[in-house]
Structure formats: C-alpha cells, structure tokens
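Shown next, in structure tokens, is the structure this report addresses.
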Amino acid sequence: MTEAVFAIPGDKDRRTGGFIYEATVLRVLNEIGCKTEHLKLPSRFPDPTQDDMAVALNALRALPGQRPVILDGLVFGSIDPEGLAQVSAPIIAMIHHPLGLETGLPTERAKFLLKNEAAALRHAAHIIVPSPETARVLVNQFAAKPDLITVAPPGFDRPVVCKQPKRPPLILSVGLLARRKGHDTLLSALETIKDLEWQAVIVGKEHDKNTAIELYSQSKALGLTERVTFTGEMDQVPLNDLFNSATLFALATRYEGYGMVLGEAMMFGLPIVSCDVGAVPETVGDAGILLPPEDALAFGATLRLLLRDQGTRSRLGRLSDLKSQSLPTWRETAGTFACVIKSLAEKTKS
C-alpha cells in the first residue's frame, strides 16, 4: 500500500542539489519499504501560470486524506495558500531555502514570496529541512513552530577516490550559474592570481540567461577565457573525474541552505575555500577556509595561499576527508523521512 506521495515540479532528475536530494530520497524511500509515489507537478513553479496553479491544486486536492504528501519547496513557497488549505492530505513541506530569500530577486517579487511562504506554512502538518540553519531561518523569519520541523541532511554515496591532480593545478567550482552562487566573486578573485599557474573549471547549468551572459562577459573582460572553462551541467561520473583531478574546491557563495557539493568535495579530500554564510560553517567545519561573501580580494589571497602552500593544502585535505566520514548515507536520510511519514499517518488514523 502506498504510504506517501512526493510532489515535485517538472523533471525530478535535474542535476541540481535540491532535485538530486528529492529524487534520491524518493527512490530510497521505496527501497527501504516506505512505498512513496511520485506526483509530477507543472514545471514552471515557482513561476506558475494560472493554469499551472489550477493543475497543481487539483492534483493535490485529489490525494487521499490519510496519505501524507511531501511538497517540493519550489511549489510550496509559491502555491496559493488558500488553495493549499483545501488539501485534505497532511502536507510535509520540503524546504531547502525559502524562495523569497533568493539572491537577486526584484524587491516586489521577494516581498510576495516571503508573505506567500509564511502563509503556506500555516497549512503544513510538518516541515523537513536539510540543515539546522534552514530551520533557524524558518523559525526566526517565518514564525514556523520548532516542534514541526525535522532536519534531514542530504545523504551521500561514497565515491571511488583515485586522485590524479592535473597540472597546472585545477581549481574546481560547482554550482548553478545563479547570482547566489558567487561565481562573479570567484572570477574577480581569479583575476588577482593571474601571475600563478592554475586552471579553473566552473560546473553548473544556466539558471537564468542574464546571469550566465554576465559571467561569460566578465571572464572575457578579465582575460580569463583561456584558463576558466564553463562546462554546463555534468553527469556524476565525469564530475567525479573532475573532483579526482582537482587541487582545491572553491565556491564563493552568498548563501547555502546546506551546500551538497561541499560534502562531495570533502569526500574527495579537497581543501575548500568558501564563504562564512548560511549553513556553510556547519557543513564544512574546519575542513576549509571561510571568508566574507563578495570579498574577491580575500578570496583571491586565500587561493594564492593554497596554491603556494602544499602543507596547508595537505592539512585541510586531511580535515576534509575526516569531516566527510561523518556524512549521513541516503538510507539514513530517507529513514528520517519515513519516520515523519509514519508519524503523520498514525495521527490521521487517531
């Protein structure tokens, strides 16, 4: 018998952190015996048309009242709260990062999403988040009830580590070409170390065309096009090859609700340069050097230090590998979801 439904917009197998998290949890829930159906909702969320909104709400209203539905955050934060109130199934909000706090949104759009998500949270039977940081944000800024929040950090599959560092040293960065990921800061930092030998690869699909064009233009203007490669989205196997060939990992992010790619980098024993924002300190700990966001000079100086100082690289690499040993498995993450699902299902019977 189906125990739960996982509602995800569009292609659940997209290669971004949130979708990888949800598609993997969906698969593993079924593997551990918590039968969970996939409900595909319109792909345009969080910017749905009126028809998209109607289709999504009708699909959710049609679910049995005793079967919990896990609702992806792109949908949850932008769905009509009044329509959500008409859904009889217990709603589990899966929130990676509140939509209205995304970097670079127009002011009015951000205000709308913040208000909308706060209203939607009143109709959630439970909330699952990937980090204590996201839980704190929901409690402090959205008045969410702490006892309704469960933290389920992303799981990780141990990769095959066979390090073969490239020459010149490879600086690897992975993240959507979105303003929040700070690739513009990374490019500015790289411009300050052009006197050193290195190459850089930025892996990530175009989140919005304007940001991508700005990054390509910035790379050209800084004279970096011969040394910085934008690969677009990559499958896991070739991405693992890049992790194995990298000397260090750099992500000049402006905010992370967790930052799965940081965990991946640690499993390959890479020293990390990132920013002291959001969940990054909790995720990375002492396995990296964390800097203020948008400080390209400090970021560049730290890249210079790590490229020049093998001792510091080795020390951080060992700490990175050690930190990765405590990362959860996907079965542990899915097990947390299963506990929430069973608890809600029992409540609907009583």
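The values are calculated or read from the model by the stated rules, or taken from the named source; none is laboratory data. Given the structure is predicted, the values throughout are model-derived calculations rather than measurements. Don't worry about glycine lacking a Cβ; one is built from the backbone with ideal geometry, like all the others, and counts go over all protein chains shown.
Below, the figures for the structure above:
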| quantity | calculated |
| --- | --- |
| Residue in the range 172-192 that is more than 19 Å from the chain's Cα centre (by Cα), surrounded by fewer than 21 Cβ atoms within 10 Å (Cβ to Cβ), part of a loop (DSSP other than H, G, I, E, B) and free of Cβ contacts under 8 Å to residues at least 60 places away in the same chain present | no |
| Residue within the range 239-249 that is within 19 Å of the chain's Cα centre (by Cα), modelled with pLDDT of 95 or more and assigned to a strand (DSSP E or B) present | yes |
| Some residue of the range 251-271 being assigned to a helix (DSSP H, G or I) and either over 15 Å from residue 156 (Cα atoms) or without any contact (Cβ under 8 Å) to a residue 12 or more places away in the chain (or both) | no |
| Selected residue (only one of 342, 323 is within 14 Å of residue 267 (Cα to Cα) and among the charged types (D, E, K, R)) | 323 |
| Among the residues listed as 206, 214, the single one being within 23 Å of residue 240 (Cα to Cα), among the acidic types (Asp, Glu) and out of contact with any Pro (no Cβ under 6 Å at 6 or more places or on another chain) | 206 |
| Matching residues in the range 99-142 - criterion: being of a type in the set (Gly, Ala, Ser) and over 26 Å from residue 67 (Cα atoms) | 100, 104, 110 |
| Any hit, the range 116-130, residues being more than 16 Å from residue 18 (Cβ to Cβ), under 20 Å from the mean Cα position of the chain (by Cα), in contact (Cβ under 8 Å) with a residue 12 or more places away in the chain and part of a helix (DSSP H, G or I) | no |
| The range 1-19: number of residues that are surrounded by 17 or more Cβ atoms within 10 Å (Cβ to Cβ) and either of a type in the set (Asp, Glu) or not in a loop (DSSP other than H, G, I, E, B) (or both) | 10 |
| Residue list for the range 122-160, restricted to those being surrounded by fewer than 21 Cβ atoms within 10 Å (Cβ to Cβ) and touching a Gly at 6+ places or on another chain (Cβ under 7 Å) | 156 |
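Conditions (1) of a type outside the set (A, V, I, L, M); (2) outside any strand (DSSP E or B), marked per residue:
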residue: 21; (1), (2): yes, yes
residue: 33; (1), (2): yes, yes
residue: 38; (1), (2): yes, no
residue: 43; (1), (2): yes, yes
residue: 56; (1), (2): no, yes
residue: 65; (1), (2): yes, yes
